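Asker: Sharing a structure below in structure tokens format, with a few things to ask.
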Amino acid sequence: MPKKNPEHTTHPDIEFKACADATLGIEIEFQLLDPITLDLTDGISSLLNSYPETPEIKPEMTQCSVEINSKVCANIRELEADVMSLARTLKERCDSLGMALCTAGTHPFCRRPVGITPQPRYLAIGEKMAYLSRRLKTFALHVHVGMPSGDVALAVMTLLKPYLPILLALSASSPFWEGEDTGCSSFRQRFLAVMRDYGVPPSFSTWSDFAEFFCHTRTAGLSAICRDIHWDLRPSPGFGTLEVRVMDALPTVRENIMMAALTYTLIVYLLHCYEQGALGHIPPQHWWMEKMNHFNASCWGLNADYIVDNQGHSHPMKAVIQETFQKLTPTALELGTTDYLRHLENHLADKPSYLRQRRLFQESGSLRTVAATLVRELEEELATR
């Protein structure tokens, strides 16, 4: 992709720190488990106190979660190497502290409330969220892609919204909640839907429009910083990125990297469309259709129907995904993501995590076996060098 001159989109209160290139970064949220019971454990404080020198390993709101943040990467292979190294470091540290580690959109059977990480920001949020904060046992994959300006970030955000159900269906990894088979592919999304500021974002014409909106939310006491807005897709002005937050965390690092490769390719494809004055191959839809597609993907995953226009016509999700992969072929070749997308199409499209977990439970009758398999999949991957 040709370089652009960095452009700083300013507002009296918010500055978008633009990126000259479409840089790439990710965040993966992991589950901290008791190695005997395989239930969630509130272990983040001991983990951070023992190893304070690694800023890429960070707390989340709940004490049973830990997050790794990649560096800013120029391409997908650099990202994969960085994240694999971070995940191995995290696994070694958890082992030394007597904790197990895994990841998926939710834990299969934990029923108890979890502790809030004792940091001022999280404690303040927890107080506002009350009961919900201690039930926030969800784990996500977030992908950041650098944008040349705030205006462009918001334009691409609008173009990307119809594709969020595709990313959700492919990454869905949370069929269980508190010991129950929910019947959903991503119950994480259904739980988050009860929160005040999760889900599909609104659209904005300019950065000034978004900045004015954010200032109003701050005046209303709803948010202090942009990170307090938890949409499934949002601008991240401090990083100069568009941040995709719709996806469940997946059981292995490689699966998360494959989803990052797809997200990266899709955003750059849409950036090219914007530069050419065109829409993506799935045009923006009425907000209600976007909401319904999001709901369908979270419930039925790859077997969902996808509403393709505002007249209500629909196609099978798998057909929409296949068409999307075809449209992304030239951009994937440009970015070096072709192999990742091919592996994603062959792997997750046929063996999505939510179905793997559900089949394992049907065969074993044990949600503990599901948790043990999640731990083992990650352990075996990180043991391979």
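Asker: For the chain, build the charge dipole from Cβ charges (+1 Lys, Arg; -1 Asp, Glu) around the Cα centre, then report which of Thr158, Pro352, Ile225 sits farthest towards its positive end.
Answerer: Pro352
Asker: In addition: In debye to the nearest 20, how big a dipole does the stretch 59-178 give about its Cα centre with +1 on each Lys and Arg Cβ and -1 on each Asp and Glu Cβ?
Answerer: Dipole size: approximately 400 debye.
Asker: What lysines could a cross-link reach from Lys327, if we take a straight Cα to Cα line under 21 Å and drop same-chain neighbours fewer than 8 places away?
Answerer: Hits, sequence-local ones excluded: Lys161, Lys318.
Asker: Shifting gears a bit: If the only charges are +1 at each Lys and Arg Cβ and -1 at each Asp and Glu Cβ, what is the size of the charge dipole of the stretch 235-378 around the Cα centre, to the nearest 20 debye?
Answerer: Dipole size: approximately 540 debye.
Asker: Please label the shape of the stretch 222-357 as rounded, prolate or oblate, based on the square roots a ≥ b ≥ c of the eigenvalues of the alpha-carbon gyration tensor (a/c under 1.5 means rounded; beyond that, a/b larger than b/c means prolate, else oblate).
Answerer: It comes out rounded by the Cα gyration axes.
Asker: In addition: Compare the Cα positions of Val268, Val308, Asn296 along the charge dipole of the stretch 265-332 (+1 at Cβ of Lys, Arg; -1 at Cβ of Asp, Glu; about the Cα centre) and return the one farthest towards the positive end.
Answerer: So the residue furthest toward the plus end is Asn296.
Asker: Right, here's the next one. Considering the dipole of the stretch 24-383 built from charges on the beta carbon (Lys and Arg +1, Asp and Glu -1) around the Cα centre, which of Gly277, Val145, Val375 is farthest to its positive end?
Answerer: So the residue furthest toward the plus end is Val375.
Asker: Just the Cα atoms of the chain: what Rg and Dmax do they give in Å?
Answerer: When restricted to Cα atoms, the chain yields Rg and Dmax of 19.8, 59 Å.
Asker: Using +1 on the beta carbon of Lys and Arg, -1 on that of Asp and Glu, and nothing else charged, what's the dipole of the chain about the Cα centre, debye to 20?
Answerer: It works out to roughly 540 debye.
Asker: Sorted by mean Cβ packing within 10 Å, highest first, what order do the peptides 273-279, 164-170 take?
Answerer: Peptide ranking by packing, descending: 164-170, 273-279.
Asker: Now, a different point. Enter the Cα centre distance for the pair the stretch 28-46 and the stretch 106-133, rounded to the nearest angstrom.
Answerer: Each part's Cα centre sits 14 Å from the other's.
Asker: What order do you get for 205-211, 307-313, 324-330 when each peptide is scored by the mean count of other beta carbon atoms within 10 Å, highest first?
Answerer: For the peptides 205-211, 307-313, 324-330, the packing ranking is 205-211, 324-330, 307-313.
Asker: Enumerate the lysines that Lys128 could reach by cross-link, defined here as Cα to Cα under 28 Å, with residues fewer than 8 away along the same chain left out.
Answerer: By straight Cα distance, Lys128 reaches Lys58, Lys137, Lys291.
The numbers here are math on the coordinates, done by the rules we state, and not lab data. Just so we're clear, the structure is a prediction, and the values are computed from it rather than from any experiment. Cβ atoms come from the backbone with ideal geometry, glycine included; neighbour counts cover every protein chain shown.
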